[in-house]
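The block underneath contains the structure these notes are about, expressed in structure tokens.
The values are calculated or read from the model by the stated rules, or taken from the named source; none is laboratory data. These figures come from a predicted structure and were not determined experimentally. Cβ atoms come from the backbone with ideal geometry, glycine included; neighbour counts cover every protein chain shown. Only protein heavy atoms, including side chains, enter the accessible area calculation; ligands, DNA and RNA are left aside. Shrake-Rupley method; radii C 1.70, N 1.55, O 1.52, S 1.80 Å.
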Amino acid sequence: MIDTLAFVVFPYVAVALVLIVTPYRYFSDRFSYSSFSSELLQRKGLFWGSVAWHYGVILILLAHLAALLAPGAWAALISEPTRLYVLEVTGLALALATVAGMVVLIGRRLFLPRVASVTTRWDWVVLFVLLAQVALGFWVALFYRWGSDWYLHTAVPWIVSLATLNPQTQFVASLPILVQIHMLGGFVLLALFPFTRLVHMITFPVTYLWRPYQVVIWNRRRRVVP
Amino acid sequence: MDIRSHVSMVFHLDKCIGCHTCTVACKNIWTDRKGTEYMYWNNVETKPGTGYPTRWEDQEQYRGGWVLDEKGGKLKLRLQGKWGTLANIFYNPYLPSIDDYFEPWTYDYQNLFTAPEGDDQPTARAVSQITGRYMDTIEAGPNWDDDLGGSPVYADNDPNLDGATEEERRQIAEIDRTVFFYLPRICNHCLNPGCVAACPAGAIYKRAEDGIVLISQDKCRAWRMCISGCPYKKTYFNWSTGKSEKCILCYPRLESGQPPACFHSCVGRIRYIGLVLYDADMIQEAAMAPSDQLVDAQRAAIQDPFDPMVIAAARRNGIPDSKIQAAQNSPVYKFVKRWGLALPLHPDFRTLPMLFYVPPLGPVTSKMENGAYETVDAGAEGLAPMLAALDKSRVSLRYMASLFSAGNEDIVREVYYKLMAVRIYMRGKTVQDVTQAEVDEALALAGLSGSEAEAIFRLTSLPTYEERFVVPPMERETAIQAQFPDIDPLTRKASTGFGFREDPARRW
Ligand code: SF4
Ligand code: SF4
């Protein structure tokens with residue numbers, strides 16, 4: 001029962017929230033659709049916090065995603081021990097960077113009054129869930145070897161079963177509790193995503209790369225001029 | 001030829017008295033909200049001085065504007081390339097911090113009423129408007145260096161004096177410490193804006209019909225690159241809403257036929273606004289000209305509104321006759337192009353600013369000797385003492401050239417010849433202590449005719465409100481018709497306007 005709630009109902013609720021609330025917020029309150037930079041008020045610590053955090057977490061997320069989307073290629077990649085070790089050590093180092101980065105970011109908001117004054121309650125929720133999630137991930141990677149392998153036989157089939165609307169909890173039901181919490185933590189973040197500053201992820205401005213430098217808007221005719 | 005229209009501006013610095021009325025007008029209308037306390041869309045600086053934010057002209061530090069890449073023959077943002085923007089998006093290494101402006105504060109006035117009885121007067125301590133904490137020392141404020149704040153530090157740290165000689169520096173500080181003039185600044189609504197180009201979200205745009213540069217508050221995602229991209233530091237980050245904001249050239253006022261607030265309120269009447277026609281095909285060339293030709297290249301891009309070819313091209317581009325007429329009456333066209341008196345501020349930043357300045361005449365080189373004030377050429381005959389004001393100005397031509405012509409002293413000198421010739425001409429007419437030969441000599445030197453000198457004098461000293469502010473008709477109705485051809489414009493009456501339909505507050 002509790003397994004069904006945690007590993008079936010909750011993930012579906014989280015995804016439903018993302019699918020419904022994310023566009024709703026975009027169309028009803030686009031003004032709020034961004035992160036909320038505090039760099040103007042306080043540059044101190046931001047470089048070590050923000051850069052370490054973002055680069056670390058992006059790479060780690062991409063690795064999770066790659067293994068999920070291409071389990072075959074991933075299995076082939078880690079089939080050779082050296083590659084497995086390199087991957088795991090890199091992962092650990094990145095995880096450490098994210099933990100350290102998040103600690104710095106939280107420290108800024110705790111101890112620097114200017115940043116504290118622009119921090120909302122939701123910011124605290126997001127920060128602590130993120131810290132817990134990356135710290136847990138680091139812990140799991142360190143003490144439950146080799147994550148990049150067993151991930152393919154636990155989380156991946158579970159998520160695939162959810163995605164194919166044929167939910168199977170047996171892949172994850174008997175895992176150690178810390179691993180389970182880490183997996184559910186991902187869905188907690190998904191559920192938080194549409195309500196918090198996390199939405200800034202999908203506003204990452206890649207279009208800048210092919211947009212002309214200058215933006216000119218016509219009233220009398222529609223045209224964009226380079 | 002791609003003719004477009006641009007609302008453009010001239011500030012006549014000889015008339016600025018440094019009273020900050022413009023600043024107050026702007027502040028009261030647009031930036032009296034939380035998060036905007038430190039924003040001065042209009043500010044008045046004392047020059048030579050460090051300005052606001054401190055040393056904004058130092059692009060080694062702030063990385064604003066464009067640079068010409070000699071190898072590739074390309075124009076690049078000094079800040080970084082497009083990939084660099086995405087790579088640095090989590091932390092902009094060149095962003096000014098609030099300390100480069102000042103931490104806004106108010107006072108704990110309540111204490112004046114509620115303090116317990118005691119032997120001392122109660123005081124109202126300063127309270128930070130950001131953190132709400134007491135501030136014991138206030139180290140900077142909105143016009144902290146006004147009139148140089150009684151200190152040589154500000155003038156000494158002016159980035160335009162980096163190449164100055166010892167003598168030039170000494171002259172600035174010679175009589176009673178120092179000489180200075182005022183430089184009021186608003187957004188230049190540039191033709192090649194650095195802020196627009198630096199914004200990865202594409203939230204900043206230039207309105208094609210009038211050239212006003214605006215930031216869409218709904219599209220701004222707080223990547224804060226525009227603040228660095230603008231070399232004039234005229235985009236500001238609202239720390240309370242997490243959005244960038246800037247001078248909007250009071251477009252709601254322009255659209256209802258009024259001049260912008262800072263123009264309207266200007267006590268010295270130094271400000272002129274009017275339409276110019278320019279050739280958009282020449283923007284790139286003008287922005288890439290060699291340093292010493294930047295001013296001329298920008299002047300060349302501005303077109304003669306009386307030229308039949310230009311008028312025909314303007315009509316082809318859908319510019320209504322009412323606007324062409326406004327361009328013909330524009331005081332800006334006269335100052336910038338016909339008389340060549342007004343120059344862009346720091347053309348070396350290559351953003352092609354559309355606000356132009358008539359440079360001020362400084363006091364001439366002088367000495368304090370035996371407690372008396374002596375100009376250097378006091379004894380000389382004829383035009384010499386008056387013209388001495390140029391090469392012997394206590395604020396050197398080189399300094400002015402650094403501000404207004406990317407270092408080309410000839411351009412600044414030409415402007416000063418004209419300004420001096422107008423004075424000599426009028427002196428000949430009214431005081432009559434200059435001979436006609438000297439007047440003619442001065443006019444010839446300046447390349448002006450008597451009637452031109454007269455016209456410059458009139459538009460400088462005696463212009464009416466209508467002559468200073470030729471606000472072009474905005475033709476919103478034709479715009480609506482073009483966007484919604486099926487709709488009768490009258491049905492849209494009162495349905496468009498300005499302002500937020502919702503408060504600019506974060507609700508999520
Ligand atoms: S002066 Fe105005 S238009 Fe020019 S770059 Fe700065 S903010 Fe943009
Ligand atoms: S034009 Fe309007 S918005 Fe811009 S500085 Fe002047 S008063 Fe402020």
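Every residue in the stretch B:215-261 that is at the interface with chain A (Cβ under 10 Å from one of its Cβ atoms) and among the basic types (Lys, Arg), please.
B:LYS219, B:ARG221, B:ARG224, B:LYS243
Within the stretch B:289-306, can you find the residues that are surrounded by fewer than 18 Cβ atoms within 10 Å (Cβ to Cβ) and touching a strand residue (DSSP E or B) at 6+ places or on another chain (Cβ under 9 Å)?
B:PRO290, B:SER291, B:ALA300, B:ASP304
Considering only the stretch B:305-322, I want to know if a residue exists there that is assigned to a helix (DSSP H, G or I) and either closer than 27 Å to B:SER461 by Cα or touching a Ser or Thr at 6+ places or on another chain (Cβ under 7 Å) (or both).
Our first condition is that a residue be assigned to a helix (DSSP H, G or I); within the stretch B:305-322, this holds for B:308-316, B:321-322.
Subset that is either closer than 27 Å to B:SER461 by Cα or touching a Ser or Thr at 6+ places or on another chain (Cβ under 7 Å) (or both): none.
Checking the stretch B:305-322: not a single residue is assigned to a helix (DSSP H, G or I) and either closer than 27 Å to B:SER461 by Cα or touching a Ser or Thr at 6+ places or on another chain (Cβ under 7 Å) (or both).
With the requirement that a residue be open to solvent by 10 Å² or more (accessible area, probe 1.4 Å) and either touching a residue at least 40 places away in the same chain (Cβ under 8 Å) or within 23 Å of the chain's Cα centre (by Cα) (or both), what does the stretch B:196-213 give you?
B:CYS199, B:TYR205, B:LYS206, B:ARG207, B:GLU209
Quick check on the stretch B:307-322: of everything there that is buried (at least 16 other Cβ atoms within 10 Å of the Cβ) and of a type in the set (A, V, I, L, M), which residue is nearest to the other protein chains (Cβ to nearest Cβ)?
Among residues in the stretch B:307-322 that are buried (at least 16 other Cβ atoms within 10 Å of the Cβ) and of a type in the set (A, V, I, L, M), the one nearest to the other protein chains (Cβ to nearest Cβ) is B:ILE319.
Just need a number here: residues in the stretch B:193-221 that are more than 11 Å from ligand 1 (Cβ to nearest atom) and outside any loop (DSSP other than H, G, I, E, B). Working first, answer last.
Here is the first cut: in the stretch B:193-221, the residues more than 11 Å from ligand 1 (Cβ to nearest atom) are B:200-203, B:207-210, B:216-221.
Applying the additional criterion that residues be outside any loop (DSSP other than H, G, I, E, B) yields B:207.
Qualifying residue count, the stretch B:193-221: 1.
Here is a check on your reading of the model: is B:LYS47 open to solvent by less than 10 Å² (accessible area, probe 1.4 Å) and either away from ligand 1 (no atom under 16 Å from the Cβ) or under 30 Å from B:ASP321 (Cα atoms) (or both)?
It is true that B:LYS47 is open to solvent by less than 10 Å² (accessible area, probe 1.4 Å) and either away from ligand 1 (no atom under 16 Å from the Cβ) or under 30 Å from B:ASP321 (Cα atoms) (or both).
Look at B:CYS187 and say whether it is among the hydrophobic types (A, V, I, L, M, F, W, C), crowded, with 20+ Cβ neighbours inside 10 Å and within 16 Å of ligand 2 (Cβ to nearest atom).
Details: among the hydrophobic types (A, V, I, L, M, F, W, C): yes; crowded, with 20+ Cβ neighbours inside 10 Å: yes; within 16 Å of ligand 2 (Cβ to nearest atom): yes.
Yes: the conditions hold for B:CYS187.
Kindly provide the set of residues from the stretch A:27-49 that are assigned to a helix (DSSP H, G or I) and either more than 7 Å from chain B (Cβ to nearest Cβ) or among the charged types (D, E, K, R) (or both), ordered by number. Step through it out loud before you land on a result.
Within the stretch A:27-49, the first condition is being assigned to a helix (DSSP H, G or I), and the residues that meet it are A:27-28, A:30-32, A:46-49.
Matches in the stretch A:27-49: A:PHE27, A:SER28, A:ARG30, A:TRP48, A:GLY49.
So is A:GLY147 modelled with pLDDT under 95 and open to solvent by less than 70 Å² (accessible area, probe 1.4 Å) or not?
Against the criterion (modelled with pLDDT under 95 and open to solvent by less than 70 Å² (accessible area, probe 1.4 Å)), A:GLY147 qualifies.
Only one residue in B:TYR236, B:TYR232, B:TYR182 is within 16 Å of ligand 1 (Cβ to nearest atom) and either assigned to a strand (DSSP E or B) or surrounded by fewer than 23 Cβ atoms within 10 Å (Cβ to Cβ) (or both), so which one is that?
Answer to the selection: B:TYR236.
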